[in-house]
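This report concerns only the one structure given below.
The values are calculated or read from the model by the stated rules, or taken from the named source; none is laboratory data. Quantities reported herein were computed from a predicted structural model and do not represent experimental measurements. Don't worry about glycine lacking a Cβ; one is built from the backbone with ideal geometry, like all the others, and counts go over all protein chains shown.
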Amino acid sequence: MNVRYVCLLLLLVGLYFPSVAATINEKPKKGLKVLIIDGQNNHVQWPKITYMMKQYLEETGKFTVDVSRTYYTWNGDDLVQQYQVPGVGKSVPLPKPRMDSAYHPDFSKYDVVICNFGWNAAPWSDATQADFEQYIKKGGGLVVVHAANNSFPNWPAYNRMIGLGGWGDRSEKDGPYVYYDQNGKLVRDTKPGNAGSHGAQTEFMITVRNSKHPIMKGIPERWLHAKDELYDRLRGPAENMDVLATAFSPKSNRGTDQNEPMLMTIQYGKGRIFHTALGHADYSVACVGFITTLQRGAQWAATGKVDIPVPDDFPTEQASRQRSFPQN
């Protein structure tokens, strides 16, 4: 075809179909950038859970996910240098352990940070803590997963970011014990007591407390979560915190007979935090309820909005639902 006619055709497309021309010239949209931080966790399955969360987020088409590892310990012992991650089909290389004073990622490159570590996480350097605090204050997003609410008990800003935490010598000095009583009243109990406990792992019912929040909109009022640890007696500053969902912790399973916060949001400066107390093991993380609230919670933390749909296989009040994750 004559080059002159090609140029004329393109000109006509631009004049009469400007939306088409704009689409042709539009740069591909990049997904929200996520950083998952792990590497110090007393939960042995942390590498697999990280890669499960990475896959669940990326399969929405809305996220690109990087993983950053800190000093590699588990129960105080160095991990082997190659950790075979179940379900990933390959060994994940773990570089030579470094002290946490050297750990300092560029948080500003990301829309949201996900914390997947536990009570044995060594403190970050003062400079890293300061940068992280500024990142959140200026509007960075944060997702706190399960045992990450055990971490950094002596870091005041982190305790305000997570709202509630457990273990790590936390007690009434760190804030009230927050729960819903059996009459549906939100209680902030300031009586003395240690923070953090749980009974034997089991399935348990999740009750939505704020169905209007973007993360919870469209999610059933009650749904059965897969086998997991049900954290109770969590304490903390609980400032600017909204309890989205709870689970009943029965005394018959060493619990409190109260409705314990499972899903929360916290505002810290301009930053949005989504805190899920769920996610102890791979079978817990494979719950469609966990997957859906993680996806929607991460999107909300990054943007303040949610358009990820509630899937058809979401758990019901009668049955938990899990998705298979590829095994080696």
Report task. Give the stretch 296-308 a look and list any residue that's touching a helix residue (DSSP H, G or I) at 6+ places or on another chain (Cβ under 9 Å) and surrounded by fewer than 23 Cβ atoms within 10 Å (Cβ to Cβ), or say none. Result -> LYS305, VAL306, ASP307, ILE308
Report task. Answer yes or no as to whether TYR177 is touching a strand residue (DSSP E or B) at 6+ places or on another chain (Cβ under 6 Å) and farther than 23 Å from GLY289 by Cα. Result -> yes
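So if I check each of ASP232, ASP242, which one is crowded, with 22+ Cβ neighbours inside 10 Å, acidic (Asp, Glu) and at pLDDT 95 or above?
Working: ASP242 fails: crowded, with 22+ Cβ neighbours inside 10 Å.
One residue alone meets the criteria, ASP232.
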Query raised in the report: Just checking, how many residues over the stretch 221-258 are touching an Asp or Glu at 6+ places or on another chain (Cβ under 7 Å) and of a type outside the set (A, V, I, L, M, F, W, C)?
Result: 14
Query raised in the report: Hey, which of the helices (runs of 4 or more DSSP H) in the stretch 1-71, taking only ones fully inside, have at least 3 residues that are surrounded by 12 or more Cβ atoms within 10 Å (Cβ to Cβ) and at pLDDT 90 or above?
Result: 46-58
Requested in this report: Mind checking which strands (runs of 3 or more DSSP E) fall wholly inside the stretch 178-228 and carry at least 1 residues that are surrounded by 17 or more Cβ atoms within 10 Å (Cβ to Cβ)?
Outcome: 202-208, 222-228
**Report entry** Subset of the stretch 218-235 [within 18 Å of the chain's Cα centre (by Cα) and more than 30 Å from GLY193 (Cα to Cα)]
**Finding:** ILE219
